[in-house]
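> Handing you this structure, nothing more for now.
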Amino acid sequence: MKTIVTILIFVLSVSGYGQTLLTPECVFDGRKIHDNWIVLVEGNTISYVGVKTELKLPKNTKEINLKGMTLMPGLIEGHSHLLLHPYNETDWNDQVLKESPTERAIRATVHAKNSLLAGITTTRDLGSEGAGYTDVYLKKTIEDGIVLGPRMLVAGPAIVATGAYGPKGFHDGVTVPLGAEPTSGVDEVIKTVRRQLGNGADFIKIYADYRWKKGAPSQPTFLQEEINAMVATATTAGSYVVAHASTPEGMRRAIIGGVETIEHGDGGTLEVFKLMKEKGVALCPTLAAGDAIEGYRGWKKGIDPDPDRITKKKASFKRALQSGVTIVFGGDVGVFTHGENYRELEMMVRYGMQPIRVLQSATSGNATVFHLDNLGELKKGFLADIIAVEGNPVKDISKMRKVRFVMKNGTLLKNE
Ligand SMILES: [Zn+2]
């Protein structure tokens with residue numbers, strides 16, 4: 001209740017003014033850090049970014065002093081599942097089998113609010129995981145102003161090869177709801193892509209590899225011609241395809257087929273990452289997901305030695321950095337708590353990426369990869385999605401844990 005009241009007060013206090021002047025300690029504009037810069041917001045748009053001396057302040061300008069803080073573009077999460085909650089609360093199978101899409105939608109409204117207040121002003125949601133098109137409806141209710149949440153790009157149900165996805169463990173006579181829509185054969189995959197786009201998916205997510213049996217290693221799923229057909233169908237419709245893939249062959253097929261991003265990419269070889277760079281395919285490494293899952297399995301980080309999965313992931317992320325492939329910030333949040341998206345930022349740094357590059361990835365980088373022309377930078381004419389943290393996150397990435405100030409589309413939602 002307190003939050004709602006607080007939000008109302010902020011919204012009211014800003015809406016009475018024509019312009020809002022934000023005066024922080026420094027500004028990260030999505031590319032670089034600048035000292036002594038200010039940002040002016042008019043309506044839902046950024047009208048000025050730069051040094052204060054060059055600016056003639058319009059009358060009725062409201063000033064918000066953000067002393068000691070770094071102002072930056074709202075973060076763009078690259079891989080979320082707002083319809084999932086952490087697997088140590090309820091495992092994935094039970095969420096898909098036992099929680100109705102209605103329950104999951106109600107939970108998702110809370111996840112969406114928590115994400116936004118943690119500085120995620122845009123999220124690319126990578127599949128409803130058995131909740132059909134609930135992501136499309138969540139996006140609609142956020143856009144209608146019914147619930148608070150980030151701007152959303154949604155995948156809808158996502159697409160798997162027949163037989164290749166869970167929940168598994170039932171005999172063949174039992175029909176269970178699946179975590180994605182199964183399809184096979186060129187004609188059928190084309191239909192499935194068209195249906196999903198027609199039902200509101202912004203883009204198509206496919207699983208280019210997956211484990212065929214419980215506990216087995218991942219194997220490729222779709223044939224090359226099926227992937228090619230799905231990409232051609234999506235691009236014809238002005239959309240695009242992204243692929244879950246962790247095996248070199250699954251990744252290779254998806255890259256050759258023309259997907260725009262590879263999700264996870266755990267088993268990527270240097271050769272495969274170089275092929276991605278060459279073809280302009282970006283990698284969303286989802287470091288925080290594997291880290292969380294190993295924790296749920298009993299791994300005590302910092303005390304126990306790294307499990308095999310973590311050792312391999314660190315090595316493959318190093319290969320990815322070495323190859324020069326574009327890195328997308330995206331943690332697979334939903335596997336862990338919504339609003340703790342900073343975990344991925346911290347892990348990207350810990351696994352070897354420069355902090356400034358991590359912050360670029362989470363803002364201007366993801367905006368470019370996701371075709372968001374007026375987001376991801378503090379720049380004149382861009383939408384006013386702006387956040388602030390204390391201190392300088394380039395020097396200490398853990399500052400991203402506490403987002404103090406959140407503005408989305410020019411509306412102030414948090415200032416503490
Ligand atoms: Zn995911």
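The values are calculated or read from the model by the stated rules, or taken from the named source; none is laboratory data. As the structure is a computational prediction, the values presented were derived from the model and not from experiment. Cβ coordinates were reconstructed from backbone atoms using ideal geometry, including for glycine residues, and neighbour counts include every protein chain displayed. In case anyone asks, the SASA skips ligands and DNA or RNA and just uses the protein heavy atoms, side chains included. Shrake-Rupley method; radii C 1.70, N 1.55, O 1.52, S 1.80 Å.
> Please specify each residue of the range 281-297 satisfying the condition of being more than 16 Å from the ligand (Cβ to nearest atom) and open to solvent by 40 Å² or more (accessible area, probe 1.4 Å).
Within the range 281-297, R297 is the sole residue that qualifies.
> Pick out the one residue from E89, E77, E42, E63 that is on the phi < 0 side of the Ramachandran plot and free of Cβ contacts under 8 Å to residues at least 24 places away in the same chain.
Of the residues listed, the single one that is on the phi < 0 side of the Ramachandran plot and free of Cβ contacts under 8 Å to residues at least 24 places away in the same chain is E89.
> Starting from the range 271-294, keep only residues that are farther than 20 Å from Y240 by Cα, then list their pairs with residues that are of a type in the set (F, W, Y) whose Cβ atoms are within a distance under 8 Å, requiring at least 6 positions of separation or different chains.
If the second residue must be of a type in the set (F, W, Y), the pairs left are L287/F317; L287/Y351; A288/F336; A289/F336; A292/Y87; A292/F336; I293/Y87.
> Looking at the range 76-93, which of the residues that are among the hydrophobic types (A, V, I, L, M, F, W, C) and over 17 Å from H371 (Cβ atoms) is surrounded by the fewest Cβ atoms within 10 Å (Cβ to Cβ)?
Taking the candidates together, the pick is W92.
Yes/no per residue for (1) away from the ligand (no atom under 16 Å from the Cβ); (2) touching a strand residue (DSSP E or B) at 6+ places or on another chain (Cβ under 6 Å); (3) acidic (D, E):
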position: V231; (1), (2), (3): yes, yes, no
position: Y240; (1), (2), (3): yes, no, no
position: S246; (1), (2), (3): no, yes, no
position: G250; (1), (2), (3): no, yes, no
position: E260; (1), (2), (3): no, yes, yes
position: L270; (1), (2), (3): yes, no, no
position: F273; (1), (2), (3): yes, no, no
position: K277; (1), (2), (3): yes, no, no
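> Scan the range 370-416 for residues that are surrounded by 24 or more Cβ atoms within 10 Å (Cβ to Cβ) and part of a helix (DSSP H, G or I) and jot them down.
Matches in the range 370-416: M400 only.
> Which residue is farthest from the chain's Cα centre (by Cα), if the candidates are limited to the range 188-203 and must be more than 11 Å from T233 (Cβ to Cβ) and assigned to a helix (DSSP H, G or I)? Explain how you work it out, then say what you get.
Filtering the range 188-203 for residues more than 11 Å from T233 (Cβ to Cβ) gives 188, 198-203.
Cutting the leftovers down to assigned to a helix (DSSP H, G or I) gives us 188, 198.
Numbers: E188: 29, G198: 23 Å.
Ranking the qualifying residues of the range 188-203, first place goes to E188.
> Please enumerate the residues belonging to the range 254-307 that are over 18 Å from the mean Cα position of the chain (by Cα), under 20 Å from H81 (Cα atoms) and of a type in the set (D, E, K, R).
Of everything in the range 254-307, just one residue is over 18 Å from the mean Cα position of the chain (by Cα), under 20 Å from H81 (Cα atoms) and of a type in the set (D, E, K, R), namely E294.
> Enumerate the pairs (first residue in the range 323-351 and closer than 14 Å to T363 by Cα and within 16 Å of the ligand (Cβ to nearest atom); second residue anywhere and aromatic (F, W, Y) and outside any helix (DSSP H, G or I)) with beta-carbon separation below 9 Å, excluding pairs fewer than 6 apart on the same chain, so at least 6 apart or on different chains.
Close Cβ pairs satisfying both conditions: V328/F370; N341/F329; E344/F329.
> Another question, then. For the structure I just gave you, tell me whether A320 is more than 16 Å from the ligand (Cβ to nearest atom), assigned to a helix (DSSP H, G or I), surrounded by fewer than 18 Cβ atoms within 10 Å (Cβ to Cβ) and not basic (K, R). Talk me through it step by step, then tell me what you get.
Working: more than 16 Å from the ligand (Cβ to nearest atom): yes; assigned to a helix (DSSP H, G or I): yes; surrounded by fewer than 18 Cβ atoms within 10 Å (Cβ to Cβ): no; not basic (K, R): yes.
Answer is no for this residue.
> How many residues, within the range 177-206, are of a type in the set (A, V, I, L, M, F, W, C), closer than 19 Å to T221 by Cβ and open to solvent by 30 Å² or more (accessible area, probe 1.4 Å)?
Counting residues in the range 177-206 that are of a type in the set (A, V, I, L, M, F, W, C), closer than 19 Å to T221 by Cβ and open to solvent by 30 Å² or more (accessible area, probe 1.4 Å) gives 3.
> For the range 239-280, which residues satisfy the criterion of being of a type in the set (D, E, K, R) and open to solvent by less than 10 Å² (accessible area, probe 1.4 Å)?
Scanning the range 239-280 gives a single hit, E263.
> Going by the structure shown, is G331 open to solvent by less than 40 Å² (accessible area, probe 1.4 Å), within 13 Å of L75 (Cβ to Cβ) and in a loop (DSSP other than H, G, I, E, B)? Steps first, answer last, please.
Working: open to solvent by less than 40 Å² (accessible area, probe 1.4 Å): yes; within 13 Å of L75 (Cβ to Cβ): yes; in a loop (DSSP other than H, G, I, E, B): yes.
So G331 passes the test.
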